[in-house]
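Right, one structure below, let's go through it.
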Amino acid sequence: MIGSGLKVTNYCAIFAARIKEMEKLLRSGIREAVRSLYGVNANDDLLQIQKTRREFEGDFTLVAFPLARLSHRSPEQTAGEIGEYLVREIDAIDGYNVIKGFLNLVIAPAEWSRRLDAMHADDAYGFAGAGPDAETVIIEYSSPNTNKPLHLGHIRNNLLGWSLARICSAAGKKVIRTNIVNDRGIHICKSMLAWQLYGNGRTPATEGKKGDHFVGDYYVLFEQKLKEQIKPLVDAGTSPEEARENAPLMQEARQLLKKWEEGDRETLELWQMMNSWVYEGFDVTYRALGVEFDRIYYESDTYKVGKEIVLRSLEEGHLIRKDDGSVWIDLTADKLDMKLLLRSDGTAVYMTQDLGTAVLRYNDYHFDRHIYVVGNEQNYHFQVLALTLLRMGFEWAKGLHHFSYGMVELPEGKMKSREGTVVDADDLIAGMTATATTMSQELGKLGGYSTGERENICRQIGLGALKYFILKVDPKKNMTFNPKESIDFNGNTGPFIQYTYARIRSVMKKAEEMGVRSVSDRNEKIIPNPKEISVISLLNDFHLLVPEAARELSPALIANYCYDLAREFNQFYHDYSILGEENESLRSFRLRLSELTGRVLEKGLFLLGIEAPERM
RNA sequence: GGUUCCGUAGCUCAGUUGGAUAGAGCAACAGCCUUCUAAGCUGUGGGUCGAGCGUUCGAGUCGCUCCGGAAUCACCA
């Protein structure tokens, strides 16, 4: 047997260093081959190496077409000659075949087994630590208004932001998760006014209601009452826009906003009280979704900074003041428009506070990159924001990046609050958990567990289904959510991946009971079968996948990878016995393969913000 | 009208810097539990990759034109 665990690790680390560079090894080998065979140096972008497609024999494929130019031979002949050379010169390459100019290379199966050991020995496999000179990335997400509870659109936003933060961290960046709360403005004044008029002192506590829903109800009530006031005016011949502006309720709301901006104590107290109700409600939703922030900014603070910056920039001559006193930036030279930065009455607009927030954050963190997770309806806004900051002389604004994602739509189209089709976040989360519970019962799972354990597992599964459903699709595309057909738990879903993980955990527990060890024995030579090799090969992709996902800012890449890995493992699991294998070394090897798959699935799910249940 | 994004199987979606015969899941049908969890595995059918032209040895992927859809172009946020 083996001496100490430490020795095993060292032994494996050597191979980790060597085999991690498997693709590099191939590259240098091919470059060498080209030099030796044709007497020329192959430019790196001519060496196109990819994984061999399933239907052909081999592990890696070199596309020989580009090299045919150097060899002055047909792609087929070039591929054949290079293949010949590689098999002769590189131990790890066992064989090759050529099909239509594609050189398929077969890696020695034993090499895969060594690669597995190397990955298995590395607890941090796939995740990079943040070094002292790591890039600092701010990720802003969520960004709610304080007049309404969160809905499905916010869920997509929060899940994307949270996952991006984890992916960037795993890729070795220093990440600051932040939120900007739109806590001031006419919208919250509407809720405040409605509560003053019709609330009769009710509170979330007296009504037994979540604070955000409670306040949201008054916002809806305001709009209802306003509509009642508008109707007679319109009937009397006023235009709808004018009627809306002139309705007494609207006037009162504006007055309340004015009082707020003047710092009226009573108004501020009401504002604070109602916002605190909303925050309590948001906290519950955030906790249910499993998202957190390192730092929260409030528009009520940042809009002042924004105003100062605009005024200073005006003095510096970057901006224009019109006759009515309003302040603008002229972006027509960049094919954009004139953009308002301060109203004629001196008050701030949306852009003003975003300018302030950006500057505050730069002063706070000196970020290299600032990622805004905000829907694609604001593409124009963020174009203007970055350009305006640059014009104002803030060079760091080059690091601003709008992570623009698509809308979540219903089969009938957009969610509309007027038609009551908005999918509430809390309802949806509760619904998913309920579905998971029903399904679990129908399948006869989770017998013998306590109620608390059962509830927790069903919660994990329900949320896993929801999160995966949302994160697996390309963020920039609009996506459809059909509330009638509940989200699936079979096939390409979160629970499928969770289930694969739970099965592996179950095997691990049983292995422990049986006393089967997963450590490798360096004296044994394992020749993995093709199914095992496909799993190892996928596991090997993971260390390249994480930086790739960080570069592309793509949780979908991680999600789809997890699915592929789980599917591949399930086939292996189905076809071969792990603990039932009689050959001791092979049994241990399969256990390592399973354990590492479990760890990688867990990490992948972690990057998506999905919990991995030990059993289900 | 300007700008940006999207269009792949009945439905929901993948498809790496352009590479081989475009892939999954759902739904439908047919199988597989005495064996490590059947939320699993296997098989069958299903496609003019919106249309056309171009670049290329090679285009779902790049360019242009058109068709269809979405967003945006507020002294709203």
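Filter the stretch A:168-194 for residues that are away from RNA strand B (no atom under 13 Å from the Cβ) and in contact with a strand residue (DSSP E or B) (Cβ under 9 Å, 6 or more places away or on another chain) and give the result. A:Cys168, A:Ser169, A:Ala170, A:Ala171, A:Gly172, A:Lys173, A:Lys174, A:Val175, A:Ile176, A:Arg177, A:Thr178, A:Asn179 - these are the residues of the stretch A:168-194 that are away from RNA strand B (no atom under 13 Å from the Cβ) and in contact with a strand residue (DSSP E or B) (Cβ under 9 Å, 6 or more places away or on another chain). Within the stretch A:1-56, take every residue that is hydroxyl-bearing (Ser, Thr, Tyr) and modelled with pLDDT of 90 or more and give me the one that is surrounded by the fewest Cβ atoms within 10 Å (Cβ to Cβ). Here the answer is A:Ser36.
Scanning the stretch A:68-79 for residues that are near RNA strand B (Cβ under 9 Å from one of its atoms) and either outside the structural domain of A:Asn43 (by TED's automatic domain parsing) or open to solvent by less than 40 Å² (accessible area, probe 1.4 Å) (or both) returns A:Ala68, A:Pro75. Being modelled with pLDDT of 90 or more, of a type in the set (Val, Ile, Thr) and either buried (at least 17 other Cβ atoms within 10 Å of the Cβ) or more than 10 Å from RNA strand B (Cβ to nearest atom) (or both): is that true of A:Thr437 here? Yes; evaluated as a whole, the condition is true for this residue. Before we move on, is A:Leu389 crowded, with 16+ Cβ neighbours inside 10 Å and closer than 23 Å to A:Glu316 by Cβ? Yes. Considering the stretch A:399-434, and only residues there that are open to solvent by 20 Å² or more (accessible area, probe 1.4 Å), in a loop (DSSP other than H, G, I, E, B) and of a type in the set (Gly, Ala, Ser), the residue that is farthest from RNA strand B (Cβ to nearest atom) turns out to be A:Gly420.
The strands (runs of 3 or more DSSP E) falling completely within the stretch A:80-165 that include 1 or more residues that are open to solvent by less than 40 Å² (accessible area, probe 1.4 Å), polar (S, T, N, Q) and over 28 Å from A:Val374 (Cα atoms) map to A:93-99, A:102-107.
If the condition is being assigned to a helix (DSSP H, G or I), aromatic (Phe, Trp, Tyr) and in contact with a Ser or Thr (Cβ under 9 Å, 6 or more places away or on another chain), then the stretch A:347-384 contributes A:Tyr365, A:Phe382. Among the residues here, A:Gly201 qualifies as surrounded by fewer than 17 Cβ atoms within 10 Å (Cβ to Cβ), of a type outside the set (Lys, Arg) and at positive phi. Being near RNA strand B (Cβ under 7 Å from one of its atoms) and either surrounded by 20 or more Cβ atoms within 10 Å (Cβ to Cβ) or within 31 Å of the chain's Cα centre (by Cα) (or both): is that true of A:Asp488 here? In short, yes. Taken together, A:Asp337, A:Asp345, A:Asp323 contain a single residue that is closer than 18 Å to A:Glu261 by Cα, modelled with pLDDT under 95 and either of a type in the set (Ser, Thr, Tyr) or open to solvent by 80 Å² or more (accessible area, probe 1.4 Å) (or both), which is A:Asp345. Scanning the stretch A:572-588 for residues that are at pLDDT 95 or above, assigned to a helix (DSSP H, G or I) and closer than 19 Å to A:Glu512 by Cβ turns up just one, A:Tyr573.
Within the stretch A:320-335, being in contact with a strand residue (DSSP E or B) (Cβ under 9 Å, 6 or more places away or on another chain) and more than 7 Å from RNA strand B (Cβ to nearest atom) holds for A:Ile320, A:Arg321, A:Gly325, A:Val327, A:Trp328, A:Ile329, A:Asp330, A:Leu331, A:Thr332.
Identify all residues within the stretch A:206-222 that are more than 35 Å from the chain's Cα centre (by Cα) and either open to solvent by 10 Å² or more (accessible area, probe 1.4 Å) or on the phi > 0 side of the Ramachandran plot (or both); write none if there are none. Break it down stepwise before answering.
Restricting attention to the stretch A:206-222, the residues satisfying the condition of being more than 35 Å from the chain's Cα centre (by Cα) are A:206-207, A:221-222.
Within the stretch A:206-222, A:Thr206, A:Glu207, A:Leu221 qualify.
Of all residues in the stretch A:321-333, one or more are without any contact (Cβ under 8 Å) to a residue 12 or more places away in the chain and either of a type in the set (Phe, Trp, Tyr) or in contact with a Phe, Trp or Tyr (Cβ under 9 Å, 6 or more places away or on another chain) (or both). Filtering the stretch A:442-473 to residues that are surrounded by 13 or more Cβ atoms within 10 Å (Cβ to Cβ), of a type in the set (D, E, K, R) and either more than 8 Å from RNA strand B (Cβ to nearest atom) or under 24 Å from A:Asp564 (Cα atoms) (or both) leaves A:Glu453, A:Arg454, A:Glu455, A:Arg459, A:Lys467, A:Lys472. Applying the condition of being in a strand (DSSP E or B) and polar (S, T, N, Q) to the stretch A:168-198 and asking which residue is surrounded by the fewest Cβ atoms within 10 Å (Cβ to Cβ) yields A:Asn182.
The values are calculated or read from the model by the stated rules, or taken from the named source; none is laboratory data. Please read these numbers as outputs of a predicted model, since none were measured by experiment. Heads up, the Cβs are rebuilt from the backbone with ideal geometry, glycines too, and the neighbour counts pull from every protein chain shown. Ligands, DNA and RNA are stripped out before the accessible areas are found, and what is left, the full protein with its side chains, is counted by its heavy atoms. Shrake-Rupley method; radii C 1.70, N 1.55, O 1.52, S 1.80 Å.
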